[in-house]
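The values are calculated or read from the model by the stated rules, or taken from the named source; none is laboratory data. None of these values were measured; they are calculated from a predicted model. Cβ placement follows ideal geometry from the backbone for every residue including glycine, while neighbour counts extend to all protein chains displayed. Only protein heavy atoms, including side chains, enter the accessible area calculation; ligands, DNA and RNA are left aside. Shrake-Rupley method; radii C 1.70, N 1.55, O 1.52, S 1.80 Å.
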There are 2 protein chains.
Amino acid sequence: MDQHSPARMEDVAQVAGVSAITVSRVIHHPDKVADATRERVLKAIETTGYVPNRVAGSLASNQTRIIGALVPTVTNSIFADTIDGLTDELGAQGYQLLLGATGYSLAEETRLINAILAQRPAGIVVTGLQHEPAAESLLRAAGIPVVETWNVDGQPIDMTVGFSNFNACHAMVERLVARGARCIGYVGAPTLANDRAAQRVAGYRAAVAKLGLEASDSLVFEGKFSFAAGAGRLRDLLATRPDVDAVFFGNDILALGALFECQRQGIRVPADLAIAGFDDVELAASVAPALTTVRIHRYEIGRQAARMILERLRGDTTTPDLTDLGFEIIERETTPAGRAD
Amino acid sequence: MDQHSPARMEDVAQVAGVSAITVSRVIHHPDKVADATRERVLKAIETTGYVPNRVAGSLASNQTRIIGALVPTVTNSIFADTIDGLTDELGAQGYQLLLGATGYSLAEETRLINAILAQRPAGIVVTGLQHEPAAESLLRAAGIPVVETWNVDGQPIDMTVGFSNFNACHAMVERLVARGARCIGYVGAPTLANDRAAQRVAGYRAAVAKLGLEASDSLVFEGKFSFAAGAGRLRDLLATRPDVDAVFFGNDILALGALFECQRQGIRVPADLAIAGFDDVELAASVAPALTTVRIHRYEIGRQAARMILERLRGDTTTPDLTDLGFEIIERETTPAGRAD
DNA sequence: CTGAAAGCGCTTACAG
DNA sequence: CTGAAAGCGCTTACAG
């Protein structure tokens with residue numbers, strides 16, 4: 001029976017001896033139906049194996065229970081945590097996640113926003129504050145809650161949740177200097193189409209300049225998100241600037257790759273070279289020596305983004321446009337200990 | 001204009017001076033429309049900011065471009081790679097991913113299958129071959145392509161893509177023995193509601209028994225997916241069975257956590273203790289000493305799953321029900337080298 | 001507490 | 001090459 005064409009509300013209604021609208025009521029407002037009727041309908045749903053057709057329901061009610069989300073990539077715990085935060089919060093509220101991966105391409109992001117919007121989601125979550133103008137117009141015109149994530153330094157289209165990449169990097173550089181660093185290199189993710197990465201280097205540069213240290217392009221490198229790149233860029237940096245006494249990496253994966261490279265080369269960390277990362281992935285605390293890094297709240301970003309959308313949908317007008325989840329400097333063993341501050 | 005109610009096909013039609021059906025044609029069969037007309041419609045789409053309403057389109061055509069997917073969790077590169085494989089392949093074909101995370105709960109999986117099916121996806125991907133009976137009936141009754149993943153040891157509902165967890169673990173144990181191991185411990189993920197984990201221990205047990213080594217429960221531990229658990233269970237194992245000369249971990253995260261613990265405790269790897277993992281995450285090759293492990297094709301599982309569904313949807317009847325992507329034993333530095341085989 | 005009617009925004013044959 | 005009609009499976013007021 002269900003093989004060819006799945007049961008419709010009408011089929012359930014016939015089995016239960018009621019009208020389709022009563023079946024709809026049992027599903028959405030069970031208390032508005034007489035007990036006996038409800039029981040009969042529920043039984044009919046069971047026997048027919050009825051699974052409500054939400055695409056019809058969505059068209060009729062003009063609302064879906066779908067939330068769209070766009071991340072650069074899923075591979076790397078970084079955004080994976082945010083996605084888990086989203087699915088956990090959304091799932092509990094009966095919403096579902098329509099996910100897209102942009103591959104760090106703004107053009108692809110625009111394309112995906114269009115595709116997602118075609119599904120008429122109740123809300124949408126994107127990564128970063130940087131988008132193509134076309135994407136921004138689409139988002140504004142959609143008339144749904146929009147949450148940008150992972151960045152609070154800028155003007156959100158609607159709402160944003162994250163932290164200041166600039167301030168976080170600035171703070172880490174200050175800490176490194178307080179611990180004795182005098183020549184700090186920086187290796188970060190490519191800044192093209194990535195405002196978070198751009199603001200991280202900017203934070204580094206600003207802090208270095210402010211503290212009167214050398215701020216030279218020869219101290220700054222870009223590397224893709226991989227352990228191998230961390231090792232490679234460390235070699236490059238050491239080759240050009242053997243005088244660095246600390247290297248700050250824009251993410252933990254790069255930092256850890258560099259740390260392993262030091263172990264291979266016999267470079268003592270932090271005695272010969274201090275290393276700091278960014279993200280505080282689980283590995284950072286587990287490796288020996290444990291990595292000094294910046295802790296940010298990846299899972300919470302996802303959860304909060306979901307909450308902000310859901311609140312809006314409930315008509316809550318008190319939801320703030322900007323939620324700064326902050327960051328923490330976590331000093332572990334790859335940077336020198338000692339009284340600073 | 002778009003703020004309150006977004007443009008409809010009818011609005012575009014009016015602006016272009018044609019009927020709605022012509023707008024639909026321009027979108028779906030552009031070659032069946034006169035050049036001049038097409039240009040006018042395209043311009044009208046642009047000026048109205050029209051984004052097609054696929055929920056209406058799906059209801060009318062009785063087909064969506066949505067593929068559902070269920071994974072245990074996204075946090076851990078393990079399933080993240082599979083998700084990237086899915087979004088990459090799906091995105092290129094104009095399909096979108098509706099994602100759910102079960103948290104390793106079969107009951108939650110059933111609930112999510114129901115919710116996803118309500119969106120009338122064109123196909124669905126689930127993890128593993130183990131499901132609640134209710135989930136299986138739902139999946140069978142849906143009348144859409146279903147791909148189970150990460151396991152080929154069993155009877156798929158429809159199609160499956162992955163590898164033999166049993167054989168892979170069996171093979172690794174054989175290799176460890178060939179390298180001189182005589183007392184092998186095993187630490188794997190909890191086997192409850194996880195057929196892959198269950199078949200991994202089973203593979204270990206079968207190999208150990210077949211090779212005439214000790215197969216004792218005192219050699220087998222379970223640990224959650226974390227570096228900390230790997231370290232903890234290694235300590236437990238060493239406390240009960242200080243005579244083990246090798247430990248095989250059911251995933252790389254556990255293995256790596258144990259490796260770091262060895263480094264902290266001054267246990268030499270592989271001289272004092274050999275360590276092997278499972279998954280071949282990027283870190284396995286990057287860490288020092290590099291981890292011996294089983295390479296499996298996580299990204300390909302996602303890509304193939306998407307392809308199998310898409311082929312079916314295209315009416316291809318030659319698509320195999322079972323795709324075994326295999327595995328490879330990758331020997332690196334945490335197990336003794338030497339001529340074996 | 002329950003039902004008949006209209007309509008959501010598209011697509012699918014079918015005409016012409 | 002283009003359009004009028006019907007219908008997809010629901011929900012939303014509105015009656016009673």
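Are there residues in the range B:244-265 whose accessible area shrinks by at least 10 Å² when all protein chains are included rather than the chain by itself, and which are they (probe 1.4 Å, ligands and nucleic acids not counted)?
Those are B:Phe260, B:Gln263, B:Arg264, which lose 10 Å² or more relative to the chain on its own.
Could you pull out every residue, at least 5 positions away or on a different chain, whose amide H is within less than 5 Å of the one on A:Thr64? Hs are placed 1.01 Å off N in the peptide plane, and Pro or chain starts have none.
Counting only residues 5 or more places away or on other chains, the set is A:Ala122.
Taking the Cβ-Cβ separation of B:Cys183 and B:Thr319 as r and a Förster radius of 60 Å, what is the calculated FRET efficiency to the nearest 0.05?
Approximately 0.85, to the nearest 0.05.
Helix B:298-313 sits at what angle to the longest principal axis of chain B, using alpha carbons and giving 0 to 90 degrees rounded to 10?
For helix B:298-313, the angle is close to 40 degrees.
Once you average over the residues of B:270-283, how many Cβ atoms of partner chains fall within 10 Å of each Cβ?
1
If you find the alpha carbon centre of the range B:1-47 and of the range B:257-332, how far apart are they in angstrom?
Taking the Cα centre of the range B:257-332 as reference, the centre of the range B:1-47 is 49 Å away.
Using a 1.4 Å probe, what is the accessible area per residue for chain A, in Å²?
Solvent-accessible surface per residue comes out at 40 Å².
Mean residue ellipticity at 222 nm from the helices of the protein assembly as shown, using -39,500 (n - 2.57) per DSSP H segment of n ≥ 4 over the full residue count, to the nearest 500 deg cm²/dmol?
It comes out at -14000 deg cm²/dmol, rounded to the nearest 500.
Mind listing the long-range amide H neighbours of A:Ile275? Cut-off is under 5 Å, sequence gap 5 or more, other chains count too, H placed in the peptide plane at 1.01 Å from N.
A:Val247, A:Thr335
Please report Rg over Rh for the range B:18-128, where both radii come from the alpha carbon positions and Rh follows the Kirkwood definition.
1.13
I want to verify the translational diffusion coefficient of the range B:100-225 in µm²/s; compute it with Stokes-Einstein, Rh as the Kirkwood radius over Cα pairs, at 10 °C and 1.306 mPa s.
Approximately 99 µm²/s, per Stokes-Einstein.
Stokes-Einstein D for the range A:110-178 at 4 °C, 1.567 mPa s, Kirkwood Rh over Cα pairs, in µm²/s?
97 µm²/s
Mind pulling the angle between the C-alpha long axis of helix B:77-92 and the longest principal axis of chain B? Nearest 10 degrees, somewhere in 0 to 90.
The answer is roughly 20 degrees.
Show me, bin by bin at 5 Å from 0, the whole-percent P(r) of the range B:1-43 based on Cα pairs.
Histogramming the range B:1-43 at 5 Å steps yields 6, 26, 33, 19, 10, 5, 1 percent.
Measuring from centroid to centroid over Cα atoms, what is the spacing of the range B:180-245 and the range B:69-106 in Å?
29 Å
Restricting to the protein assembly as shown, what percent of DSSP beta bridges are antiparallel, rounded to 5?
Here the share of antiparallel DSSP bridges comes out near 15 percent.
Stokes-Einstein at 10 °C, 1.306 mPa s, Kirkwood radius from Cα pairs: D for chain A in µm² s⁻¹?
D, rounded to a whole number, is 70 µm²/s.
Please list, or write none, the lysines whose alpha carbon is within less than 24 Å of the alpha carbon of B:Lys43, excluding same-chain residues fewer than 8 places away.
B:Lys43 reaches B:Lys32.
Just need the Rg to Rh number for the range B:152-200, please, alpha carbons only, Kirkwood Rh.
So for the range B:152-200, dividing Rg by the Kirkwood Rh gives 1.07.
Which three numbers, in whole Å and largest first, are the semi-axes of the equivalent ellipsoid of the range A:75-146 derived from its Cα gyration tensor as √(5λ)?
Value: 20, 16, 10 Å, ordered largest first.
Measuring from label point to label point, each 7 Å out along Cα→Cβ, what is the A:Ser105 to B:Asp236 span in nm?
Between A:Ser105 and B:Asp236, the simple spin-label model gives 4.6 nm.
Roughly how many percent of the accessible protein surface of chain A is carbon and sulfur, given a 1.4 Å probe and a whole-percent answer?
Taking all protein chains in place, chain A shows 51 percent carbon and sulfur surface.
Over the Cα atoms of the range A:165-295, Rg to Rh with Kirkwood Rh, two decimal places?
0.92
By how many nm would the segment from B:Glu132 to B:Asp31 lengthen if fully extended, with 0.36 nm per residue of separation less the alpha-carbon distance?
31.6 nm
What ³J(HN,Hα) values, in whole Hz, does the Karplus curve 6.51 cos²θ - 1.76 cosθ + 1.60 give for the range B:247-253 when θ = phi - 60°, with x put for Gly and Pro?
10, 9, 9, x, 7, 5, 4
Mind checking how much accessible area B and A bury in total, 1.4 Å probe, in Å² rounded to 100?
The contact between A and B buries close to 4500 Å².
Over all alpha-carbon pairs of the protein assembly as shown, lay out the pair-distance distribution in 10 Å bins, whole %, shortest bin first.
Using 10 Å bins, I get a P(r) of 3, 14, 22, 23, 20, 12, 5, 1, 0 for the protein assembly as shown.
How tilted is helix A:195-210 with respect to the longest principal axis of chain A? Cα atoms for both, answer in degrees (0 to 90, nearest 10).
Relative to chain A, helix A:195-210 is tipped by roughly 30 degrees.
Could you work out how far apart the two model spin labels at A:Gln155 and A:Ala337 are, taking each label as a point 7 Å from the Cα in the direction of the beta carbon, and quote it in nm?
Simple spin-label model gives 4.9 nm for this pair.
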